[in-house]
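Colleague: Input: one structure, supplied below.
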Amino acid sequence: MLELVKISKEFRTGFLGRNVKQAVIDASLRVERGEIVGLIGESGCGKSTLGRIAVKLLMPSSGHIILDGADVTDMPEKQFREFRRQMQIIFQHPETALDPQYTLIESIRESFNKIGIPEAEQKGLLENISEEVNLPLDIVDRHPNQVSGGEIQRAVLTRVFAFEPRYLILDEPTSMLDVSVQAHILQLLKRKAKQDNVGMLFISHDLEVIKAMCDRVAVMKEGKILEDGSVKEMFQSPKSSYMKQLLENSA
Amino acid sequence: MSQGGLLVVRGLSVAFKTQKGTVQAIDGIDLDLNENETLAIVGESGCGKSVLGHAIMRLLDDIAVVRGSVRFREKEVYEMDTTALLNLRGGLISLVPQSPSSSFNPVITIGKQIEELIEKAGKEKGNGARKRALEYLSLAGFSEPELIHKSYPHRLSGGMCERALIAMALSVEPELVIADEPTKGLDALSRKNILGLLHKLAKDASMIMITHDLKAAETCERLAVMYSGEIIEEGPTGIVLNHPRHVYTKGLIDAQPSRGMTPIKGRHNLFSHNAEGCRFKERCDAASNECNNHPMLSKVEDYRKVRCCHA
């Protein structure tokens, strides 16, 4: 289980850091393996910040990140490295997700090498995963600007799946994609969660995507998690007035 | 087919010459738009919908080879001289471009940019232009229009920039608004606001909304679906979305998360233009020998056209 316990994060800006912005306030959330948890809220509510904190790309100002029972919050980087492999993050903008100077295959090989997969096994692994994520192998010699957003997202998934992660943080993974490409990728993620028992935190502002994908949902506003519950509860009988408002507006 | 409509497009084709050969972006587009009518053009990335929007305003640069005719108020856009063209763009036809945050000039305040357009379009001058800019900013839902007026674009969020762009495009009271992906990347609340705003401010104008979002398209009266540079289905929005006749339109509808997220098989081949016959046939379950002949966009019911031999 990936647990975020009473996470707060403040950003300081301006002269001598005098402007304090509370991006996340006392947010607690847990993701079981094999479960997809949605995190919704409008732009600027702190949902991406919380997602980055979950994989320690950002350090929380206070609170704890607990991964399968181990508190990794203040763990030194060297020790944490093993845990990081188990939690991977996928970002919203496919066009900036990969190094523009690398071809897709170079980016994929880079992460294979990081994992320590021997050269001889890489080809087989690439074939396996690319079939799983539906990445056509005839395009992997191209640079990111020569392929579509959906194809980059598949290359990113190939890299990520090679780590055999237990948890995935998905930060608006399909909001820039066409609806039929989105359907492909979402189906693929859903299957991955159930088949390989991967816990996912799915960050999105698209209620329909959340409803179709998730088992549980948490709703966030101005840095706070207002409520969470099963998809059914949240969509049929939300308690917070904000969730009700979101539902009305998406109808 | 109404003669003397506001906009009449006939056989419009655009090809781009690239190092790797010619790419046909749009091919043989026919389109009619009446006064006060709203039309949504939907399709996936690379289908040519934005190129179509730009071609109508003659905004494409020299590497584009344009054939066919675009008539606005019975005047041929591709035969206009510079003066007439400048009067057309930003005066009679306004574009709300894609990617709001990068569409404004980053080193000039929002207000100055709106005023510049109002003055260039010859609507108002000096203080009058300022007044009108403020008026449209407040119509666009800004509670403090003065603050937005003197802000630089980087201080505004994506949704705010989009609203400011709409205010700018509508401030010249155009006869036709072309909105290119007005809801891309916005959350549900902002999307609803933006669509409401567009329809409110453009209520005396015609509108072409270019989008890949079927939800946004629902707010328009008529719908044209594009695939591989062609219109493949066209008709009243409600009828097309509730009873699609083309397999691709059905596929788009079923791919929506609320409709079961069924992906369309295969992938969108950007070069399928060169293929013979129906451009969708490789992805279509109903494909047969007949599909090797290129289908025409033909009338199936009143007000309704489909490009498929099985429809």
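The values are calculated or read from the model by the stated rules, or taken from the named source; none is laboratory data. Because the structure is predicted, anything quoted here is derived from the model rather than measured. Every residue, glycine among them, receives a Cβ derived from its backbone with ideal geometry; neighbour counts consider all protein chains shown.
Colleague: Of all residues in the range B:247-277 being away from chain A (no Cβ under 14 Å) and part of a loop (DSSP other than H, G, I, E, B), which is modelled with the lowest pLDDT?
Modeller: Here the answer is B:Ala275.
Colleague: Could you list, in sequence order, the residues of the range B:247-269 that are in contact (Cβ under 8 Å) with a residue 60 or more places away in the chain and more than 21 Å from the chain's Cα centre (by Cα)?
Modeller: B:Val247
Table: residues versus (1) among the acidic types (Asp, Glu); (2) more than 19 Å from B:Pro236 (Cβ to Cβ).
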site	(1), (2)
B:Thr18	no, yes
B:Gly21	no, yes
B:Asn34	no, no
B:Ala40	no, no
B:Gly43	no, no
B:Ile56	no, yes
B:Asp61	yes, yes
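Colleague: Just name the residue that is surrounded by the most Cβ atoms within 10 Å (Cβ to Cβ) out of those in the range A:110-167 that are among the hydrophobic types (A, V, I, L, M, F, W, C) and part of a loop (DSSP other than H, G, I, E, B).
Modeller: Among those residues, the one meeting the criterion is A:Leu135.
Colleague: Now, a different point. State whether one or more residues within the range B:162-185 are polar (S, T, N, Q) and either within 18 Å of B:Glu115 (Cα to Cα) or more than 12 Å from every other protein chain (Cβ to nearest Cβ) (or both).
Modeller: Yes, there is a match, as at least one residue in the range B:162-185 is polar (S, T, N, Q) and either within 18 Å of B:Glu115 (Cα to Cα) or more than 12 Å from every other protein chain (Cβ to nearest Cβ) (or both).
Colleague: Still on this structure, please answer the following. Output the number of residues of the range A:130-187 satisfying the condition of being in contact with a Ser or Thr (Cβ under 7 Å, 6 or more places away or on another chain), under 15 Å from B:Gly266 (Cβ atoms) and charged (D, E, K, R).
Modeller: 1
Colleague: Anything in the range A:168-182 that is β-branched (Val, Ile, Thr) and part of a loop (DSSP other than H, G, I, E, B)? List them, or say none.
Modeller: The answer is A:Thr174, and nothing else.
Colleague: Here are some residues: B:Met261, B:Met209, B:Met296. Which one is among the hydrophobic types (A, V, I, L, M, F, W, C) and closer than 30 Å to B:Leu92 by Cα?
Modeller: Just a single option satisfies the conditions, and that option is B:Met209.
Colleague: If B:Phe104 meets every condition in (1) among the aromatic types (Phe, Trp, Tyr); (2) closer than 29 Å to B:Leu156 by Cβ; (3) surrounded by fewer than 19 Cβ atoms within 10 Å (Cβ to Cβ) apart from one, which number is that one?
Modeller: Every condition holds for B:Phe104 apart from (3).
Colleague: Here's something else I'd like to know. I need a count of the residues in the range A:217-237 that are surrounded by fewer than 22 Cβ atoms within 10 Å (Cβ to Cβ) and either modelled with pLDDT under 90 or touching a strand residue (DSSP E or B) at 6+ places or on another chain (Cβ under 7 Å) (or both).
Modeller: Selection size over the range A:217-237: 7.
Colleague: Follow-up. Between residues in the range A:142-170 that are closer than 17 Å to A:Gln122 by Cβ and residues that are aromatic (Phe, Trp, Tyr) and surrounded by 19 or more Cβ atoms within 10 Å (Cβ to Cβ), which pairs lie under 7 Å by C-beta distance while being six or more apart or on different chains?
Modeller: A:Ala162/A:Phe112
Colleague: Considering the range A:207-251 alone, what residues qualify as being part of a loop (DSSP other than H, G, I, E, B), among the charged types (D, E, K, R), touching a residue at least 40 places away in the same chain (Cβ under 8 Å) and within 30 Å of A:Lys21 (Cβ to Cβ)?
Modeller: Within the range A:207-251, A:Glu222 is the sole residue that qualifies.
Colleague: Quickly run through the range A:1-55 and pick out the residues that are within 19 Å of A:Asp228 (Cβ to Cβ) and of a type in the set (Asp, Glu).
Modeller: Scanning the range A:1-55 gives A:Glu3, A:Asp26, A:Glu32, A:Glu35, A:Glu42.
Colleague: Is it the case that B:Lys192 is within 14 Å of another protein chain (Cβ to nearest Cβ) and closer than 30 Å to B:Arg307 by Cα?
Modeller: Taking the combined requirement at face value, the residue does not satisfy it.
Colleague: Ok, one more. Test B:Lys184 against the criterion of being part of a helix (DSSP H, G or I) and surrounded by fewer than 21 Cβ atoms within 10 Å (Cβ to Cβ), and give yes or no.
Modeller: So B:Lys184 does not fit the description; no.
Colleague: Sticking with this structure for a sec: Filter the range A:183-201 for residues that are outside any helix (DSSP H, G or I) and not small (Gly, Ala, Ser); which is surrounded by the fewest Cβ atoms within 10 Å (Cβ to Cβ)?
Modeller: It comes out as A:Asn197.
Colleague: Sticking with this structure for a sec: Among all residue pairs at least 6 apart or on different chains, which show Cβ distances below 7 Å where the first residue, located in the range B:220-237, is under 10 Å from B:Leu39 (Cα atoms) and the second is surrounded by fewer than 24 Cβ atoms within 10 Å (Cβ to Cβ) and of a type in the set (Phe, Trp, Tyr)?
Modeller: Going by the 7 Å Cβ cut-off, the qualifying pairs are B:Gly235/B:Tyr303; B:Pro236/B:Tyr303.
Colleague: State all residues of the range A:137-183 that are among the small types (Gly, Ala, Ser) and within 14 Å of chain B (Cβ to nearest Cβ); if no residue qualifies, say none.
Modeller: Within the range A:137-183, A:Ser148, A:Gly149, A:Gly150, A:Ser175, A:Ser180, A:Ala183 meet the criteria.
Colleague: Still on this model: As an exercise: evaluate A:Leu126 against (1) under 19 Å from the mean Cα position of the chain (by Cα); (2) at pLDDT 90 or above and give the number of the one condition it does not meet.
Modeller: Just one mismatch for A:Leu126, condition (1).
Colleague: If you go through the range A:95-109 one residue at a time, how many are under 15 Å from A:Val140 (Cβ atoms), in a helix (DSSP H, G or I) and touching a residue at least 12 places away in the same chain (Cβ under 8 Å)?
Modeller: 5
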